[in-house]
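Below is one structure; the comments refer to it alone.
No lab work stands behind these numbers, since they all come straight from the coordinates. Not measured: the values here are computed from a predicted model. Here Cβ is always computed from backbone atoms with ideal geometry, including for glycine, and neighbour counts include all displayed protein chains.
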Amino acid sequence: MAFAIERAECATLFDHKGRSYVDLIGGISVANLGHGHPKVLSTIREQLDKYLHVMVYGEFVESPQVRYATRLSSLLPASLNSVYFTNSGAEAVEGAMKLAKRVTNRSRIICFTGSYHGSTQGALSAIGDEYWRQAFRPLLPDVWHLPYNDPAALEAINDSTACVLMETVQAETGITVPESGWLKAVEKKCRETGALLMLDEIQAGFGRTGKLWAFEWFEVVPDVLLLGKALGGGMPLGAFIADKRLMDQLTEAPVLGHITTFGGHPLSCAAGLASLDALLEEGWIDTVKSKEALFLDRLVHPKIQSVRSFGLWMGVAFSDAQMCKRVINRCLETDKKDSVGIMTDWFLFAPNCLRIAPPLILSEKQIEWACDRILKAIDQSNP
Ligand code: PLP
């Protein structure tokens, strides 16, 4: 896109020419609390004055890591009590896949078509779209992809399965929600066979769906939860979270089952904790459902085929990718009168869908304005 961003504040980005953009994507589901929250910035400054990197992760006790892990566990079911911080979402996926192999002594990883899990070779093996995988073979062996939302396909989960790795709600297909009871059936099958249920909430987490964790909507509890993106409050951070009984198995044979130098960087952990606390204290998650309804109410146009949404997380579908691209480009064009545009994007596996995943702090006024602007962009986007 080659935007030269000078400054970002709340839900607005400013470029080097003084133009501003209402941010409808939050750095792809990272800036859930918006940009430049004063508490996050002051916490980063405080930590900056104390120390940055002091040792490879896990060797020393670093209080930002301990405080953040403790806080995360306090907000999760009792079995998710041990946090391993990583640098990124993909590294969390890598660590979690290793954990599943180590715990079950099995190698098969079951994933689903349409899932995205990251771009490193293990995570890439797990993503459910052949176009993105094909150029990089050979990838991990024994990774199976089942059709999503298909109860019959779950028969493939058996006592050779190390884990079922899946997004709680699929993002990159333009938002696909598990049908009623299906995720529960996946959980049941995992319990019956001893496969670990690993839910990737790297994009779904931190209130985007209207609950802190997306799995709360479906009344399931994963064995391993994967977090990233908004986890770091704008700093790079990922995590896989499991029961300590499972996680402890990464401490022996080999002694350091997953090694990361910068995982759980003290600045990232301090920023992430400050961001999570502010998100909860200021009550933004409670505003998600009504803001979603406002978007859905306003985004009506004959050229919009459908709006698939789950919280402040939407795919606006057009007839084809070219139409979507034209609308995105029109949205980016700033208005001559007030120099304000809209920052939006498409989805990896659904290029015909326009992405809406804004900071949760986006105001009702901004939503109304943004929807009008999108509708205008559609009118101006004739082939
Ligand atoms: N899982 C999901 C659902 C994601 O959306 C992403 C990133 O977009 C990842 C994993 C990988 O995270 P990262 O880009 O931090 O490696």
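Here are the numbers for this structure:
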item: Qualifying trypsin sites (Lys or Arg not before Pro) in the range 310-383, DSSP loop, other Cβ atoms within 10 Å at most 12; result: 336, 337
item: Gain on full stretching of the segment that runs from residue 46 to residue 120 - 0.36 nm per residue minus C-alpha separation; result: 23.3 nm
item: Charge dipole (the chain, unit charges on Cβ, about Cα centre) - positive-most of 77, 348, 209; result: 348
item: Cα-based shape type of the chain, given that a ≥ b ≥ c are square roots of the gyration tensor eigenvalues and the cut on a/c is 1.5; result: oblate
item: Exposed-site-free run, longest, the chain (rule: chymotrypsin sites (Phe, Trp or Tyr not before Pro); DSSP loop; at most 14 other C-beta within 10 Å); result: 61-383
item: Derived scalar couplings ³J(HN,Hα) [the range 165-170; Karplus, 6.51 cos²θ - 1.76 cosθ + 1.60; whole Hz; x for Gly, Pro]; result: 9, 8, 7, 4, 10, 6
item: Amide N proximity, the range 20-43 versus residue 5 label position 7 Å along Cα-to-Cβ, cut-off under 12 Å; result: 21-32, 34-36
item: Reachable aspartates and glutamates, given that their alpha-carbon falls under 13 Å from the alpha-carbon of residue 229 and they are not under 8 places away in the same chain; result: 91, 200, 201
item: Magnitude of the charge dipole, the range 192-260, Cβ model with Lys/Arg +1 and Asp/Glu -1, debye to 20; result: 320
item: Dipole magnitude of the chain about its Cα centre (Cβ charges: Lys, Arg +1; Asp, Glu -1), debye to nearest 20; result: 460
item: R0 of 22 Å, Cβ-Cβ distance residue 75-residue 39: FRET efficiency to nearest 0.05; result: 0.80
item: Given the chain, longest segment not containing exposed loop GluC sites (Glu not before Pro) (DSSP; at most 15 other Cβ within 10 Å); result: 60-178
item: 0 to 90° range, to nearest 10: angle between helix 38-50 axis and the chain longest Cα axis; result: 50
item: Within straight-line cross-link reach of residue 291, aspartates and glutamates at Cα separation under 14 Å, skipping those fewer than 8 residues along the same chain; result: 364, 368
item: Label-point separation, residue 54 to residue 329 (7 Å along Cα→Cβ), nm; result: 5.3
item: Charge tally in the Cβ shell below 14 Å around residue 299, where Lys, Arg are +1 and Asp, Glu are -1, residue 299 excluded; result: +2
item: Amide N proximity, the range 189-227 versus residue 159 label position 7 Å along Cα-to-Cβ, cut-off under 19 Å; result: 189-197
item: Which of 51, 41, 163, positive extreme of dipole for the chain (C-beta unit charges); result: 41
item: Under 15 Å from residue 365, Cα to Cα: aspartates and glutamates that are on another chain or at least 8 residues apart; result: 23, 292, 297
item: Cα-based Kirkwood hydrodynamic radius, the range 305-383, one decimal, Å; result: 12.8
